[in-house]
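> Got a structure here, written out as structure tokens. Questions coming.
Just so it is clear, none of the values below were taken in a lab; they were calculated from the coordinates. Remember, predicted model here, so these are calculated numbers, not experimental data. With ideal geometry, Cβ positions are generated from the backbone for all residues, glycine too; neighbour counts draw on all protein chains shown.
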Amino acid sequence: VFAHLVQAPEDAILGVTIAYNKDPSPIKLNLGVGAYRTEEGKPLVLNVVRKAEQQLINDRSRIKEYLPIVGLVEFNKLSAKLILGADSPAIRENRVTTVECLSGTGSLRVGGEFLARHYHQKTIYIPQPTWGNHPKIFTLAGLSVKTYRYYDPSTRGLNFQGLLEDLGAAPQGSIVLLHACAHNPTGVDPTLEQWEQIRKLMRSKGLMPFFDSAYQGFASGSLDTDAKPIRMFVADGGELLVAQSYAKNMGLYGERVGALSIVCKAADVAGRVESQLKLVIRPMYSNPPIHGASIVAVILRDRNLFNEWTLELKAMADRIISMRKQLFEALRARGTPGDWTHIIKQIGMFTFTGLNPAQVSYMTKEYHIYMTSDGRISMAGLSSKTVPHLADAIHAVVTK
Ligand code: LMR
């Protein structure tokens, strides 16, 4: 009965790793998926994560019972504090409901389905471009997806005017997906002044903010700084949703640990929202896994581990910034034609190089460098040793 099925294409991002794994070349380089690598090109398990896991193993009282539908309650509270700030008025007034979900994707999907069921507007505006999974997540959640202008290829920066025009023209009450920081794939973020203008415009039109926070701590190296745009929207007393992921900032990719918070206007509303979120989650996966959330809770509750985490996070962010500088310098040293300042200006894990699909495919074929076809490279996958190889490849393809 399935014989008529056609072979589905690999995922645009995760498929890059599959292609990379098949390549026998010793010089191959995977700059596709946004996953941190050390200078030696190895995945990194943070020291604090190892310590937290050791604590969990040593605790013989730990059991493996089901978590509640909303997940680990302590993890939820700590996650809300981390993203909204310890002194958040919304937390103080019990206006926030937080549920543990399966990393960023799961949090976005649960939030999307909740909105599709209970929010009066079914259209979500996502930036153009955005993370490839966003349109699929929200379409399958039951929302109708439209885009707003975000990136200007001519400046390799923000198309702020286009963004304001498109959000200004969106129907009253529409949902708007915002990358909290380190926009994926462009690495281009609004300034705080621009965020303030976006906030004013959105609130004046009753647009519902849905933040995707996948890189808290990765953009600036500071957890609080990277959460500022979200906190600006909380400070005005209005509603919002935020999806948090611990994949990148704690390196917990495969543990699938994240959270969805919904900030409401009143505590009783937040309680009813939570009851409805449970109805979304229960038939989807019943309740979330215990291990990753326990690791996060151990780290967030312990001041020493928390401080150690911020240092490790900063070290990862700094290594990425240093990769930006090295790549930029390497292209300059080669006299590679073009303006490459965007490599040092863009923020977070990715550089949106401006290379086109044909150039990407040439670099993969001739230099065994793997990246997404939109020209996005994961700076976190680069090291001092591999920068020259990438610079050679870029130089070759733009002078070809
Ligand atoms: C990425 O954009 O590379 C990451 O968010 C990984 C993923 O799941 O796509």
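> Testing the spin-label approximation: label points 7 Å from Cα along Cα→Cβ at Ser154 and Val398. State their distance in nm.
Placing both labels 7 Å beyond Cα along the Cβ direction yields 1.9 nm.
> Shifting gears a bit: Sort out for me the Cα centre separation of region 89-128 from region 358-374, rounded to whole Å.
Each part reduced to its Cα centre gives a spacing of 36 Å.
> Report the FRET efficiency, 1/(1 + (r/R0)^6), for Lys325 and Ala3, where r is their Cβ-Cβ distance and R0 is 56 Å, rounded to 0.05.
That pair, Lys325 with Ala3, gives E of 0.55.
> A further question on this structure: For a quick check of your reading of the filter: which chymotrypsin sites (Phe, Trp or Tyr not before Pro) in region 29-110 sit in a DSSP loop and have no more than 14 other Cβ atoms within 10 Å?
Passing sites in region 29-110 are Tyr66.
> May I pose another question? Would you work out the charge dipole size for region 10-113 about its Cα centre, treating the Cβ of every Lys and Arg as +1 and the Cβ of every Asp and Glu as -1, and quote it to the nearest 20 debye?
Dipole size: approximately 260 debye.
> On a full-extension model of 0.36 nm per residue, what is the gain between Asp11 and Lys205, subtracting their alpha-carbon distance, rounded to one decimal in nm?
Fully extending the segment from Asp11 to Lys205 adds 66.3 nm.
> Eight or more residues apart or on different chains, and alpha-carbon atoms under 19 Å: count the Lys pairs in region 100-252 matching that.
Values: Lys122/Lys136; Lys122/Lys146; Lys122/Lys205; Lys136/Lys146; Lys146/Lys205; Lys200/Lys228; Lys228/Lys248.
So the count of such lysine pairs works out to 7.
> Ignoring everything except DSSP H segments at least 4 long, calculate the 222 nm mean residue ellipticity for the chain; use -39,500 (n - 2.57) per segment, divide by total residues, nearest 500.
Values: 15 runs with 187 residues, N = 400.
Result for the chain, helices only: -14500 deg cm²/dmol.
> Would you pull out the residues with amide H under 5 Å of Leu178's amide H, same chain only if 5 or more places away, H placed 1.01 Å from N?
Correct list: Phe210, Phe211, Asp212.
> Looking only at region 127-163, which residues have a backbone nitrogen under 20 Å from a spot 7 Å from the Cα of Met232 in the C-beta direction?
Flagged as within label range: 127-129, 148-152, 157-163.
> Right, another one. Put +1 on the Cβ of each Lys and Arg and -1 on the Cβ of each Asp and Glu in the chain; which of Gly142, Gly354, Gly338 then has its Cα farthest toward the positive end of the dipole?
Ranked along the dipole, the leading option is Gly142.
> Rounding to the nearest 10 and keeping the result within 0 to 90°, find how far the Cα-based axis of helix 387-399 lies from the longest principal axis of the chain.
Rounded to the nearest ten degrees, it is 70.
> Suppose every Lys and Arg Cβ carries +1 and every Asp and Glu Cβ carries -1, with no other charges. What dipole size does region 73-301 come out with about its Cα centre, to the nearest 20 debye?
Details: 24 positive and 19 negative charges, 93 e Å.
Its charge dipole is roughly 440 debye.
> Could you name the lysines whose alpha carbon sits less than 21 Å from that of Lys64, not counting residues in the same chain fewer than 8 places away?
Once the sequence-local lysines are set aside, what remains near Lys64 is Lys51, Lys77, Lys278.
> Separate question: According to a simple spin-label model (label point 7 Å from Cα along Cα-to-Cβ), what is the distance in nm between Ser361 and Thr147?
Output for this residue pair reads 2.0 nm.
> Going by average Cβ neighbours within 10 Å, how do the peptides 100-108, 80-88 rank, with the highest at the top?
100-108, 80-88
> Moving to a separate point now. Could you derive backbone 3J(HN,Hα) for region 167-174 from the dihedral phi with the Karplus parameters 6.51, -1.76 and 1.60 (θ = phi - 60°), listing whole Hz in sequence and x where the residue is Gly or Pro?
3J(HN,Hα) across region 167-174, in whole Hz: 5, x, 8, 5, x, 2, x, 4.
> What lysines could a cross-link reach from Lys385, if we take a straight Cα to Cα line under 17 Å and drop same-chain neighbours fewer than 8 places away?
Output for Lys385: Lys28, Lys42, Lys325.
> Okay, next question. Suppose every K and R has +1 on its Cβ and every D and E has -1 on its Cβ; what is the size of the dipole of the chain about the Cα centre, in Debye to the nearest 20? The partial results should precede the final answer.
On the way: 45 positive and 36 negative charges, 46 e Å.
Approximately 220 debye in magnitude.
> Further, regarding this structure: Treat the count of other C-beta atoms within 10 Å as a stand-in for reagent exposure and order His291, His179 from fewest to most.
In order of increasing Cβ crowding within 10 Å: His291, His179.
> Modelling each spin label as a point 7 Å along the Cα-to-Cβ direction, I'd like the Leu192/Met284 distance in nm, to one decimal.
It is 3.4 nm.
> Out of Ser107, Pro24, Ser322, whose Cα points farthest toward the positive end of the dipole of the chain (charges: +1 Lys, Arg; -1 Asp, Glu; placed on Cβ)?
Positive-most Cα among the choices belongs to Ser107.
> By how many degrees, between 0 and 90 and to the nearest 10, does the Cα long axis of helix 357-367 differ from the longest principal axis of the chain?
Once rounded, the angle reads 60 degrees.
> Would you mind calculating the gained length between Gln276 and Gln54 on full extension (0.36 nm times residue separation, minus the Cα-Cα distance), in nm to one decimal?
76.3 nm
> For the chain, what proportion of DSSP beta bridges, expressed in % and rounded to the nearest 5, is antiparallel?
Restricted to the chain, the bridges split so that about 50 percent are antiparallel.
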